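A short write-up of the structure that comes next.
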Amino acid sequence: MENKIKELRAKAMSLPLNPGVYIMRDKNKKIIYIGKAKALKNRVSQYFGSHTNHTPKVIRMVENVDTFDYIVTDSEFEALVLECSLIKQYTPHYNILLKDDKGYSYIKITNEQWPRIKNAVDQAVKIFKLPTCGRKFPQDIGKGRPCLNYHIKLCSAPCTGKITHKEYTENLKEAVEFLKGGNNADIKKMTEEMNLAAENLEFERAARIRDRINAVKKMGDNQKVVCSKIKEQDVLAVVTEGDTACFEVFKFKNGALYDREHFIIGDVDDLPQARHEFITGYYYKRNDIPPRITVDGSVNDTELLQQWLSESLGKKVVIFQPQKGEQLQLVEMCKKNAAEHLAHRRGAVGKDTMALNTLGELLGLDSAPNYIESYDISNQNGTANVAGMIVFENGRPLKSAYRKFEIKTVVGQDDYGSMAEVIERRLNEYEKHKDEGVGFGRMPDLILLDGGKGQVNAVSQVMKRMGYNIPLFGMVKDNKHRTRAITDAGKEIAINNKRSVFTLVSNIQEEVHRFAIGYHRQKRKNTSFKSSLTEIEGVGERRAKALLKHFGTIANIKEADLQELETAPTMNKVVARTVYSYFHGDNTTAKE
């Protein structure tokens, strides 16, 4: 038993910090407990740590856990709704408080003249601007200033007397109805109230209701797990990493997610064909084929597959790829979970895997670019001209693979020519080290240049001449030096509507700029250093560093007398006199 707990804890510690639902199963794979978490890793790992703070019921439950699954969601509220939906379907043994088919008592209305919602969903409290402070009403009305929540429009502030008891009661009633009945009916009712208030010239009230409608709509956009308009369907998504892929399947009945599965497969080099093969293998001899299969991308021979599935089910089956709206959100949620499973296989983070897959799709690559090289040029008016190369592996910096280049063939400020030189030298290094498979001996899946079409064109010509066909793009900045888009030699590709990709590319661009400019500053410092002490005859770089270490600054060296110079580390009388003469007007001993 102790070994099993250690195994389960290790698995729990690899979970993401996202909100979601966890599903405990016994040795027969039967679901025995379903819970929600604001951060899956923190919550689930608590079960398999010390039992000191566990209740007897929890201890018994943990003793019967053989494995667990999880589903990542976008918010804690979404996790709560999914938790309730799954408990209602499976009635797990240890979820004894939530087995009542009449509903789930996860809210409490206080019994007082000015009632409040206790332990309720934070969003509902904010939408309907209900107080969360400890003041008593009506006793405390007018006795103090309203708190911060009033000023940031999260509370109607009954304490100020700005809202009547009737209005407050209506707000509370609408909040309760919202939590009990969903949002579509609420929006319709509130729209009618808003229009009526406007007709009666109650414009402030109409504006408050308008803001409430917008908040409810925004909240509803995230409730993907229970608001699917398609009553019965499977949602299928795939995430790739090299030649490995994870297929995730979400199964919906009556508009609610009731089950999910994931499958790790290998040898994936053609996603449309992989989806085709997965669908045929998954639904072969199954008796639960849904009338609709929602997918995250194109599928080879779609019409033929639909015909085969329809004949197997006995009625029409449609394979559908959404482009927007609720169904696209469901696909993204499914894809996020596939990314998490694939990431756990290599101890990575699911959001990084998701970002790389989305980036690969956006750029039209055959697979996710797990090994990315990025380059930037740095100089000052054409002097101290250098370049930095950084590497991101699996979405994270791989600092052991960073490299610095001192520009050798380009004179003056020529970023295009400098970038072309650097890439040519990098590819030449690959030819020397390709048998090693690491560092310069590893070919990148993608090259990102800090620059636009000019840099991309210059490097493209080099790669074409040398016979290489590596995906190549530039990272374009706006007039405030922030990442704006990705570009090839022709057009720009917007990334600001793909948050995960935007964050990844921005991080890469900031990191390569930091690395290149850091090397440039070091180069300038070294150049300045050489132009002073090392210009003195008999003073090389080693002796110059020793002098600076001993005296602290060049000014102190200049102020030192001859005896102090003679006794300094690495010095002798001849060199000491030369240094002294250099700083005191006799320059005949300095290098010409």
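Assorted remarks:
- Test: residue in segment 64-73 that is part of a loop (DSSP other than H, G, I, E, B), out of contact with any Ser or Thr (no Cβ under 7 Å at 6 or more places or on another chain) and surrounded by 21 or more Cβ atoms within 10 Å (Cβ to Cβ): yes
- Within segment 450-472, the set of residues being in contact with a Gly (Cβ under 6 Å, 6 or more places away or on another chain) and either part of a helix (DSSP H, G or I) or at pLDDT 95 or above (or both) comprises Q455, V456.
- Hits in segment 260-300 (condition: in a loop (DSSP other than H, G, I, E, B), over 25 Å from the mean Cα position of the chain (by Cα) and either aliphatic (A, V, I, L, M) or assigned by TED's automatic domain parsing to the domain that holds Y22 (or both)): I289, V299
- Any chance E311 is outside the structural domain of A485 (by TED's automatic domain parsing), among the acidic types (D, E) and within 21 Å of the chain's Cα centre (by Cα): no
- I495 vs. criteria in contact with a Phe, Trp or Tyr (Cβ under 8 Å, 6 or more places away or on another chain), of a type in the set (A, V, I, L, M) and in contact (Cβ under 8 Å) with a residue 12 or more places away in the chain: yes
- Segment 41-63, residues that are buried (at least 18 other Cβ atoms within 10 Å of the Cβ), farther than 12 Å from V21 by Cβ and among the β-branched types (V, I, T): V62
- Residues in segment 307-319 that are in a helix (DSSP H, G or I) and surrounded by 18 or more Cβ atoms within 10 Å (Cβ to Cβ): L309 only.
- Residues of segment 372-425 satisfying the condition of being among the charged types (D, E, K, R) and free of Cβ contacts under 8 Å to residues at least 60 places away in the same chain: E393, R396, K399, R403, K408, D414, D415, E421, E424, R425
- Flag for N497 being at pLDDT below 90, surrounded by fewer than 13 Cβ atoms within 10 Å (Cβ to Cβ) and either more than 23 Å from the chain's Cα centre (by Cα) or closer than 28 Å to V410 by Cα (or both): no
- Scanning segment 230-259 for residues that are in a strand (DSSP E or B) and farther than 24 Å from K315 by Cβ gives A237, V238, V239, T240, E241, T244, A245, C246, F247, E248.
- Scanning segment 49-70 for residues that are under 34 Å from the mean Cα position of the chain (by Cα) and farther than 18 Å from N95 by Cα returns G49, S50, H51, N53.
- Scope segment 547-576; condition assigned to a helix (DSSP H, G or I) and surrounded by 17 or more Cβ atoms within 10 Å (Cβ to Cβ); matching residues: L547, H550, F551, I557, L565, E566, V575, A576
- Taking (1) over 29 Å from the mean Cα position of the chain (by Cα); (2) hydrophobic (A, V, I, L, M, F, W, C); (3) part of a helix (DSSP H, G or I) in turn, F440 satisfies each apart from (1).
- Any hit, segment 76-89, residues being over 30 Å from T164 (Cα atoms), assigned to a loop (DSSP other than H, G, I, E, B), at pLDDT 60 or above and not β-branched (V, I, T): no
- Any hit, segment 438-455, residues being polar (S, T, N, Q) and surrounded by 14 or more Cβ atoms within 10 Å (Cβ to Cβ): yes
- Only strands (runs of 3 or more DSSP E) whose full extent lies in segment 368-436 are considered here, and the ones with at least 2 residues that are among the hydroxyl-bearing types (S, T, Y) are 371-380.
- Some residue of segment 328-345 being of a type in the set (D, E, K, R) and either assigned by TED's automatic domain parsing to the domain that holds K399 or not in a helix (DSSP H, G or I) (or both): yes
- Enumeration of residues in segment 42-56 that are out of contact with any helix residue (DSSP H, G or I) (no Cβ under 8 Å at 6 or more places or on another chain) and either assigned to a helix (DSSP H, G or I) or assigned by TED's automatic domain parsing to the domain that holds D259 (or both): N42, R43, Q46, P56
The values are calculated or read from the model by the stated rules, or taken from the named source; none is laboratory data. Since the structure is predicted, the reported quantities are computational estimates derived from the model, not experimental observations. Cβ sites come from the backbone with ideal geometry, for glycine too, and all protein chains shown count toward neighbours.
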